[in-house]
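Engineer: Here you go, one structure.
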Amino acid sequence: MSTEYGNIPEETIDAVLTQHDIVETVGRHVHLTKQGKYMKGLCPFHSEKTPSFTVTPDRQIFYCYGCGMGGNAIKFRMEIEGLSFPEAVKIMAEEAHIPFQNTAGKPESPQDRETGRLLQAYEWSEKFYHFLLKNTEHGRPALEYLRGRGIGDKMIDQFGIGFAPDRWDTLVQFLDKRSFDLAEMEKGGLISAKQNGDGYVDRFRGRIMFPIANRSGKTIAFAGRILGEGHPKYVNSPESRLFNKSRVLYNFGQARSAIRKQRQAVLFEGYGDVIAAWEAGVHNGVATMGTSLTDQHAAMIKTTADEVLVCYDGDNAGQNAALKSIPILEQAGLQVKIAMLPPGVDPDDYIRSNGGDRFIRQVVEDAASTTKFRLANLRRGHRLTEESGRVDYARAALPVIAALSSPTEREVYLRELSSEVDVSFDSLKQDCNLIRQEQSRPAPGQGDPGPAYSDSRQGGRGGQYGGRGRDRGDYANKGGYGKKGNFGGGGGNYGNSEEDFFPQERRTRPNRDLLPAHQTAERRLLFFMLQDRQASEYVEQRLGNEFNLPEHAAISAYLYAFYAQDREPDSSRFISSLQDEKLEKTVSAIVMMEGPREWNEQVLDDCIREVRKVPQLRGIERKREEMMRAEKDGDFLLAAQIASEIIALERQ
């Protein structure tokens, strides 16, 4: 049965995976050493000293236990070379002399054809501008200017920099002679229509041209910097089918592999900063192209990084922009550091004045925490030589310090503040604690949410109702709550720790590697299902997609569909059918699980039973919360009724 992945025939995917052995594909980039049935090496996607990157020849997949990256040969090429799925398949098909058709016999839509023509026009325009800069008299002044700014031929070629002559129709004629539809080119942002509606003119004139690429490295827009003085200093291509400045970061395509390997991105404001930093050895730099940082930018960075170093200009505007970027980046789940540049100095100027080594050592590696940066920003607005200035600074700084969750961090910053404002540490600590109390109070109208579970974890050793000891104060037979009753002991009927039953988000697990029992059961089911079609059919009949984790439910649905196409178990080919990075990583991790591959109905039934417990136990948990509220309100009759319901539910 023939299917398609995107617009690529299944047969093409299969042929590519057959012709590209995973060991050979990975071995071009990673030195692999055989260890039993595995091949191991240092991960190319993040920095490590101990090999955690594993290739499994018999399953034709790779997986890194350090960063979680995993997949098949196509996925590896995508990540190592920054390619999209169709691009990787096309390149690999051509290398193996496999006929490639990316539309699976279907006619291209008008939108696809227009997008293809625009991408080709932008590619040719980039080469044309680059040629004009380096090989014509028109480009000589711009070339001399760039060299004077420390941008030599190597960086000009690396970033495809060009020049648009100060003429009205240079690019218009170039595109027209190559039979591009000028109306389409105007719509795509390359040229402009004349005001009288009679023809077209160049959008960029007398400007140094910086190509802007998408995450796959294809040029989709330009930024033009005026040569000499003038306004506006920079002009960007208008937003188009290809280009949305809120979703594009300058140099992301080139920097992607370095960002992924270091798990860090350096965020600049301008093109010159990125280029100067690249030459200095900072290859993980990107820029927002003169626009404010957006949630989409932060989400884009989060796909490849865990941390962002914000390296904006040292003037007030740059520092204020850095301050505004912090909550956007933190909300995306990124750790944030701030480069502390001298006042009025931008990264490009710093590198040219002090050299690349000093920039890396004193700016990049010595970046400040967000708290230190916020305090420094506040400090600039107060005169610490005056008593009133010191008092005002202390008042402004204390809420910033109080918001820190770590007592150690608070003490460090309070001692620094004590020294700066000449106020005793004890006084500042007392004020800080008062602010923390105020910050922790619920907002008006919200009320007190009530106590959480009892801290007691004693539990009788033979408690009737399950998991390892959570004291609950069971309901006593004569009314009210008995002080020493419990819902759990070390050897209860459910027989596992509480982490096997209660949702992970409702507590903090001390050992992050120890999964709750239902998650382990779900992964074990998927492990067997990936190895054996009959196991998948058995689980589908008895559980369907009623997995508790959304990603596990999605994988099961994809796997049922995969086998419904009369496919045999094949982890590598199944991963190609997903085309979802999170699911691909999860499947790769499950396939690499250790343990017996043999299964029987009893093993599957035990896992299914564990999975099905979770909704029931969540219902019990809700009942317990209702019981606690009833007790708090003094409604002991209702509490007794709920306690009976809990007992009945647990006996089920």
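The values are calculated or read from the model by the stated rules, or taken from the named source; none is laboratory data. Owing to the predicted nature of the structure, the values given are computational and were not obtained by experimental measurement. Cβ: placed from backbone, ideal geometry, glycine included. Neighbour counts: every protein chain shown. Surface areas here come from the heavy atoms of the whole protein model, side chains and all, with no ligands, DNA or RNA. Shrake-Rupley method; radii C 1.70, N 1.55, O 1.52, S 1.80 Å.
Engineer: In the set Arg113, Arg77, Arg117, which member is over 20 Å from Gln254 (Cβ atoms) and out of contact with any Phe, Trp or Tyr (no Cβ under 8 Å at 6 or more places or on another chain)?
Structural biologist: Checking each option against the conditions leaves just Arg113.
Engineer: Here are the criteria: (1) under 17 Å from Val364 (Cα atoms); (2) assigned to a helix (DSSP H, G or I). Tell me which single one Val286 does not satisfy.
Structural biologist: With respect to (1) under 17 Å from Val364 (Cα atoms); (2) assigned to a helix (DSSP H, G or I), Val286 is out only on (2).
Engineer: For Val235, are the conditions met, namely being over 20 Å from Met155 (Cβ atoms) and either under 21 Å from the mean Cα position of the chain (by Cα) or not basic (Lys, Arg) (or both)?
Structural biologist: Considered against the rule, which asks whether it is over 20 Å from Met155 (Cβ atoms) and either under 21 Å from the mean Cα position of the chain (by Cα) or not basic (Lys, Arg) (or both), Val235 comes out as yes.
Engineer: Which is more than 30 Å from the chain's Cα centre (by Cα), among the aliphatic types (A, V, I, L, M) and open to solvent by 40 Å² or more (accessible area, probe 1.4 Å), of Ala564, Ala535, Ala557? Show your work before the answer.
Structural biologist: On the way: Ala535 fails: open to solvent by 40 Å² or more (accessible area, probe 1.4 Å); Ala557 fails: more than 30 Å from the chain's Cα centre (by Cα).
The unique qualifying residue is Ala564.
Engineer: Sort out which residues of segment 308-323 are surrounded by 17 or more Cβ atoms within 10 Å (Cβ to Cβ), out of contact with any helix residue (DSSP H, G or I) (no Cβ under 9 Å at 6 or more places or on another chain) and among the hydrophobic types (A, V, I, L, M, F, W, C), and write them in order of number.
Structural biologist: Passing the criteria: only Ala321.
Engineer: Pairs please, first residue from segment 242-259 and more than 13 Å from Pro211 (Cα to Cα) and among the β-branched types (Val, Ile, Thr), second anywhere and part of a strand (DSSP E or B) and open to solvent by less than 10 Å² (accessible area, probe 1.4 Å), Cβ atoms under 6 Å, 6+ apart in sequence or on different chains.
Structural biologist: Listed by first residue and then by second, the contacts come to Ile259/Ala265.
Engineer: Also, I was wondering about something else. Assess whether Leu119 counts as being surrounded by 14 or more Cβ atoms within 10 Å (Cβ to Cβ), within 30 Å of the chain's Cα centre (by Cα) and not in a helix (DSSP H, G or I).
Structural biologist: no
Engineer: Need pairs with beta-carbon distance below 8 Å; first residue more than 19 Å from Phe547 (Cα to Cα) and at pLDDT 75 or above and within segment 613-641, second basic (Lys, Arg) and not in a helix (DSSP H, G or I); sequence gap 6+ or separate chains.
Structural biologist: Short answer, once both residue conditions are applied: Arg624/Arg472.
Engineer: (1) open to solvent by 40 Å² or more (accessible area, probe 1.4 Å); (2) farther than 22 Å from Tyr250 by Cβ; (3) more than 37 Å from the chain's Cα centre (by Cα): which one isn't true of Pro165, the others all being true?
Structural biologist: Single failed check for Pro165: (1).
Engineer: Now for a different question. Inside segment 214-227, can you point out the residues that are under 16 Å from Ala287 (Cα atoms) and open to solvent by 30 Å² or more (accessible area, probe 1.4 Å)?
Structural biologist: Asn214, Arg215, Gly217, Arg225
Engineer: Now for a different question. Taking the conditions exactly as written (exposed (fewer than 15 other Cβ atoms within 10 Å of the Cβ) and under 34 Å from the mean Cα position of the chain (by Cα)), does Lys154 satisfy them or not?
Structural biologist: Judged against the criteria, Lys154 is a match.
Engineer: Still on this model: Among the residues in segment 283-304, are any open to solvent by 40 Å² or more (accessible area, probe 1.4 Å), within 28 Å of Gly68 (Cα to Cα) and over 17 Å from the mean Cα position of the chain (by Cα)?
Structural biologist: Within segment 283-304, the first condition is being open to solvent by 40 Å² or more (accessible area, probe 1.4 Å), and the residues that meet it are 283, 290, 292, 295-296, 299, 302-303.
Checking which are within 28 Å of Gly68 (Cα to Cα) leaves us with 283, 295-296, 299, 302-303.
Now restrict to residues that are over 17 Å from the mean Cα position of the chain (by Cα): 283.
Checked segment 283-304: at least one residue is open to solvent by 40 Å² or more (accessible area, probe 1.4 Å), within 28 Å of Gly68 (Cα to Cα) and over 17 Å from the mean Cα position of the chain (by Cα).
Engineer: Select from segment 210-232 the residues that are part of a loop (DSSP other than H, G, I, E, B) and in contact with a strand residue (DSSP E or B) (Cβ under 9 Å, 6 or more places away or on another chain) and list them in ascending order.
Structural biologist: Asn214, Leu227, Pro232
Engineer: Filter segment 584-637 down to the residues that are under 18 Å from Leu543 (Cβ atoms), surrounded by fewer than 16 Cβ atoms within 10 Å (Cβ to Cβ) and hydrophobic (A, V, I, L, M, F, W, C) and list them by number.
Structural biologist: Passing the criteria: only Val603.
Engineer: Let me ask something additional. With the requirement that a residue be polar (S, T, N, Q) and open to solvent by 60 Å² or more (accessible area, probe 1.4 Å), what does segment 169-211 give you?
Structural biologist: Gln173, Ser179, Gln195, Asn196
Engineer: Do the conditions hold for Gly491, that is, is it modelled with pLDDT under 85, open to solvent by 20 Å² or more (accessible area, probe 1.4 Å), out of contact with any helix residue (DSSP H, G or I) (no Cβ under 9 Å at 6 or more places or on another chain) and part of a loop (DSSP other than H, G, I, E, B)?
Structural biologist: yes
Engineer: Separate question: Identify, by number, the condition in (1) open to solvent by 50 Å² or more (accessible area, probe 1.4 Å); (2) farther than 24 Å from Gly217 by Cα; (3) in a helix (DSSP H, G or I); (4) of a type outside the set (A, V, I, L, M) that Gln254 doesn't meet.
Structural biologist: (2)
Engineer: Can you name the residue in segment 378-416 that is of a type in the set (Ser, Thr, Tyr) and part of a helix (DSSP H, G or I) and, of all such residues, is least open to solvent (accessible area, probe 1.4 Å)?
Structural biologist: Restricting to residues being of a type in the set (Ser, Thr, Tyr) and part of a helix (DSSP H, G or I), the top hit is Tyr393.
Engineer: Another question, if that's okay. Test Leu375 against the stated conditions and say whether it is outside any helix (DSSP H, G or I) and either in contact (Cβ under 8 Å) with a residue 12 or more places away in the chain or farther than 25 Å from Phe222 by Cα (or both).
Structural biologist: No.
Engineer: Determine whether Lys245 is of a type in the set (Lys, Arg), open to solvent by 10 Å² or more (accessible area, probe 1.4 Å), within 25 Å of Ala121 (Cβ to Cβ) and not in a strand (DSSP E or B).
Structural biologist: Against the criterion (of a type in the set (Lys, Arg), open to solvent by 10 Å² or more (accessible area, probe 1.4 Å), within 25 Å of Ala121 (Cβ to Cβ) and not in a strand (DSSP E or B)), Lys245 qualifies.
Engineer: Can we say Gly467 is at pLDDT below 90, assigned to a loop (DSSP other than H, G, I, E, B) and buried (at least 17 other Cβ atoms within 10 Å of the Cβ)? So that I can check it myself, show each step before the final result.
Structural biologist: On the way: at pLDDT below 90: yes; assigned to a loop (DSSP other than H, G, I, E, B): yes; buried (at least 17 other Cβ atoms within 10 Å of the Cβ): yes.
Yes.
Engineer: Can you give me the number of residues within segment 324-362 that are open to solvent by less than 80 Å² (accessible area, probe 1.4 Å), in a helix (DSSP H, G or I) and charged (D, E, K, R)?
Structural biologist: Total meeting the criteria: 2.
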